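Colleague: Would you mind keeping the following structure in view while I ask a few things?
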């Protein structure tokens, strides 16, 4: 996406037909004095960053749009606005001024001259010396680093290069996508739906991958799973502890626990869930099993701690555990 200056036009907010569909667009009507038209700076179908504001300044929105035939801008995303929740599109009912902009996501973040913060990517935010790189990435704190779409790093030297990861606390680092990390603690959650007697791997709410444990890491955690039947509110729940390690070159294995034990369930509920190490060899998967004729909705959480290494001495490792004191 190109950034350009001195592009600003008067417009109205109206419904028009585009490719057989009715869309709400900014119909551009001419450049303001000393400015250029959008068609003079961008190609048709090119995406642009824009700001739209009513003449009195009382309502406005920032976002991304596409220049379409007929001299109009078709909004694609709204990042900030005076609409509901601060992000909803505004229903402009009068004259509007639309400007091509370089948002904070495409420039150094506010305060960067003092603190060295930087933000790159649509909707990225950085402050206090942080560096954010990716769509929706957030980095706040001295040398905090969030490099990945929707990644969040909060705290001095908090660091993540994983998409959707959240790291909180000084020096906290991530090791998986769509997980939360707090110092030495971590948490993953997933959801899913089973229709009839199928099996489904639960996934993070906004993610598209199961929990991945990188080589050289040992993890210990507690797993909790709950399911509820749509028809009558019937339920099933289970939990377990798990210890898993990923030996480089050998893949991930569960070396302790890992068997979900039912906590409570409705009478006659013929469903279950299990924890498995599988997939491409480094995935810890929560798999729910439904029952014929019913829809079940599932949620799961795994929380615990982890350490780099291969957990030698546990579950058949090559190095025995240390001797007892005085031994």
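Colleague: Mind counting the residues in the stretch 105-120 that are buried (at least 20 other Cβ atoms within 10 Å of the Cβ) and either on the phi > 0 side of the Ramachandran plot or modelled with pLDDT under 80 (or both)?
Modeller: 3
Colleague: Take the residues of the stretch 77-97 that are assigned to a strand (DSSP E or B) and more than 19 Å from the chain's Cα centre (by Cα): which is modelled with the lowest pLDDT?
Modeller: First, pick out the residues of the stretch 77-97 that are assigned to a strand (DSSP E or B): 77-81, 96-97.
Still in the list and also more than 19 Å from the chain's Cα centre (by Cα): 81, 96-97.
On the way: 81: 87, 96: 95, 97: 96.
Selected residue: 81.
Colleague: Given the criterion at pLDDT below 90 and either in contact with a strand residue (DSSP E or B) (Cβ under 9 Å, 6 or more places away or on another chain) or not in a loop (DSSP other than H, G, I, E, B) (or both), identify the matching residue among 207, 221.
Modeller: Checking each option against the conditions leaves just 207.
Colleague: For the stretch 78-95, which residues satisfy the criterion of being buried (at least 16 other Cβ atoms within 10 Å of the Cβ) and in contact (Cβ under 8 Å) with a residue 24 or more places away in the chain? Full working, then the answer.
Modeller: First pass over the stretch 78-95, keeping only residues buried (at least 16 other Cβ atoms within 10 Å of the Cβ): 78-79, 81, 89-90, 92.
Scanning the stretch 78-95 gives 79, 89, 90, 92.
Colleague: For the stretch 40-53, indicate whether the set of residues that are part of a strand (DSSP E or B), surrounded by fewer than 13 Cβ atoms within 10 Å (Cβ to Cβ) and in contact (Cβ under 8 Å) with a residue 12 or more places away in the chain is non-empty.
Modeller: no
The values are calculated or read from the model by the stated rules, or taken from the named source; none is laboratory data. Quick caveat: nothing in here was measured; it's all calculated off a predicted structure. So basically every Cβ, Gly included, is an ideal-geometry build from the backbone, and we count neighbours across all protein chains shown.
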